[in-house]
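The values are calculated or read from the model by the stated rules, or taken from the named source; none is laboratory data. Note that the coordinates shown come from a computational prediction; the quantities given were computed from them, not determined experimentally. Note that each Cβ is placed from the backbone with ideal geometry, even for glycine, and that neighbours are counted across all protein chains shown.
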Amino acid sequence: KLTKYENNYICRTDPRDVARVESKTFLVTADKYASVPHSRQDVKCILGQWMAPDDMKQELDDRLPGCMSGRMLYVIPFR
């Protein structure tokens, strides 16, 4: 358990496990600090990379133009 943060735990994986690559994983939320801890601007957070929803939308539109045209996306929420 991470004692500095309320209800936060750290889980580590085997570095050889290629299924989880933090450098390519982004947390997209309206509020940055809902998903990553507060840190100085010059410090890169190792717990997750954050991106604003509008920035992610633009990034996806630039990389994958029209990829969902005519398709239905089903989102199943879970808790």
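A few notes on this one:
- Subset of region 15-31 [outside any loop (DSSP other than H, G, I, E, B), surrounded by 10 or more Cβ atoms within 10 Å (Cβ to Cβ) and modelled with pLDDT under 80]: Glu22
Table: residues versus (1) part of a helix (DSSP H, G or I); (2) surrounded by 12 or more Cβ atoms within 10 Å (Cβ to Cβ).
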| residue | (1), (2) |
| --- | --- |
| Tyr33 | yes, no |
| Ser39 | no, yes |
| Leu47 | no, yes |
| Trp50 | no, yes |
| Glu59 | yes, yes |
| Asp62 | yes, no |
| Pro65 | no, no |
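Here is a yes/no grid of residues against (1) in a strand (DSSP E or B); (2) free of Cβ contacts under 8 Å to residues at least 24 places away in the same chain; (3) out of contact with any Lys or Arg (no Cβ under 8 Å at 6 or more places or on another chain); (4) loosely packed, with under 10 Cβ neighbours inside 10 Å:
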{"residue": "Glu6", "(1), (2), (3), (4)": "no, yes, yes, yes"}
{"residue": "Tyr9", "(1), (2), (3), (4)": "no, yes, no, yes"}
{"residue": "Thr13", "(1), (2), (3), (4)": "no, yes, no, yes"}
{"residue": "Asp42", "(1), (2), (3), (4)": "no, yes, yes, yes"}
{"residue": "Met56", "(1), (2), (3), (4)": "no, no, yes, no"}
